[in-house]
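Read-outs: derived from the displayed coordinates by stated rules, not from any lab. Keep in mind the model is a prediction, meaning the values are calculated, not measured. Virtual Cβ from ideal backbone geometry, glycine too; neighbours counted across all protein chains shown.
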Amino acid sequence: MKERQIAVFLLFFMAAAFSIWVLGCQKSKKPVLKPGAEGVAQESYPVRIWVYKTNFTVKESPAKLVSYFLKDLDWTKRFSGMLSFKVTDAGADMDLGQAGKSVGVTAKVMGINFPCKVVNIKYVPDREVWLMVLTGENWMLVRLDAKPAPTGAFVTLNALAYMSPNLSAVADNLQLAKVIASKLDLAVAMVQAEFDPGLDPKSLTEQGLRGEMAEKFFQAYQASVWINAAPAQVIKRGLDPENFRQILAASQIGGVAECFFAPENRKRWDRKLAEGREVDVIYCPDTSIKMAGIKFDTSTFARIKPNDMEHFLATHVTALGVIIQLDLYGKPENGGTRIWMKLVVEPPSSANLTEAFIAISGAPQWIKEILTDIKSRTESVG
């Protein structure tokens, strides 16, 4: 088997195992109820992602370029007017120069204000950085790769953007994607002018987009089950934090239980303390997964809303050069609660290949069993 094929196999077995790690349920000591007439509903479908890619050169070395824009956010004061954004929680010593660092930003696009959290989710010193922009259920991943060039640095910018159905209801996604791409172009031009005062950012961008915009499809697998309990009871019984801690500690995922329930993160599971607080990103840098005796290093980023069943857990994982998303959420339905588990995987080549490997990995059956266990554990509590 070719090396690339082996890598693809490993990726999707990892994605499936990751889904089990987050939601795998401890066996209840109380009698387990069999699922009712309505069982687990499952579906697989493509998820549209907007992609924008552009290359540019900067008259500065990659090391100094990356350091200049990540280590000190003072430049944001000069850029904010033209780019219509404002940093909301950066102190004088704030920086994005390490993975896990984040900053709050309010951005205005097409007349809409978006409160965002910008998180450094991957950083290779002096060369590569991945910045994740989170706003509600929407996200944009900006990947920057800088290499030495005769004139300074040759930079590749690759941006991926997911727009939720809720956003689609208030804004045209295609038009919004074009506007965001144009803002990225302007930001790039301003970066170039920062090191070459002879350049005029507006003249560099007035002819239209400098890069290429396209659509890409990630593959999603989603399953749901109806539970005969209100959302608050599902959280209290089936998704109790102590259960989660035991689940994570017993999993094949290393470092996650210790991170999620470290003293500085344990309070995030307290529903009273979480009330009214801004949701921060939990960063777990030293996580891993073991398959077939082989250990793979990962980084995990999670947002937890213990009081909000509709946005209970949103997780992004960087692994093997791709981004993996896993969400757990629920909504009231017919006097009870329907809960969903959604796994979204960035494909290495095509969406069809992704779907095939998710199926081969056994993820659908595993997720079905997980949701059935959550349902049974919740409903079996007297």
Task: Residue-by-residue Karplus 3J(HN,Hα) for the range 75-85, coefficients 6.51, -1.76, 1.60, Hz, glycine and proline x - done: 5, 4, 5, 7, 8, 4, x, 5, 9, 6, 9
- [ ] Just grab the label-to-label distance for residue 230 and residue 59, each label 7 Å out from Cα along the Cβ direction, in nm (one decimal).
- [x] 6.6
TODO: Mind checking the full-extension length gain between residue 202 and residue 72? Use 0.36 nm per residue of separation minus the Cα-Cα distance, one decimal, nm.
DONE: 44.3 nm
Open item on the list: Quick check on packing: order 158-166, 80-88 by the mean number of other C-beta atoms within 10 Å, highest mean leading.
Closed with: 158-166, 80-88
Task: Whole-Hz couplings from phi, Karplus 6.51/-1.76/1.60, listed for the range 231-243; x for Gly and Pro - done: x, 4, 6, 5, 5, 5, 9, x, 10, 4, x, 5, 4
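Of the cross-linked pairs 267/331; 53/178; 101/267; 236/267; 101/331, which ones have a Cα-Cα span greater than 22 Å in the structure shown? List each step's numbers first, then the result.
Working: 267/331 24 Å; 53/178 12 Å; 101/267 20 Å; 236/267 16 Å; 101/331 32 Å.
Those over the limit are 267/331; 101/331.
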TODO: Would you mind checking which residues have amide H under 5 Å from residue 101's amide H? H placed 1.01 Å from N; only 5 or more apart, or other chain.
DONE: 120
- [ ] For residue 218, list long-range residues whose amide hydrogen, built 1.01 Å from N in the peptide plane, is under 5 Å from its own amide hydrogen.
- [x] 47, 49
Task: Of every Cα-Cα pair in the range 49-216, the percent that sits beyond 25 Å - done: 28
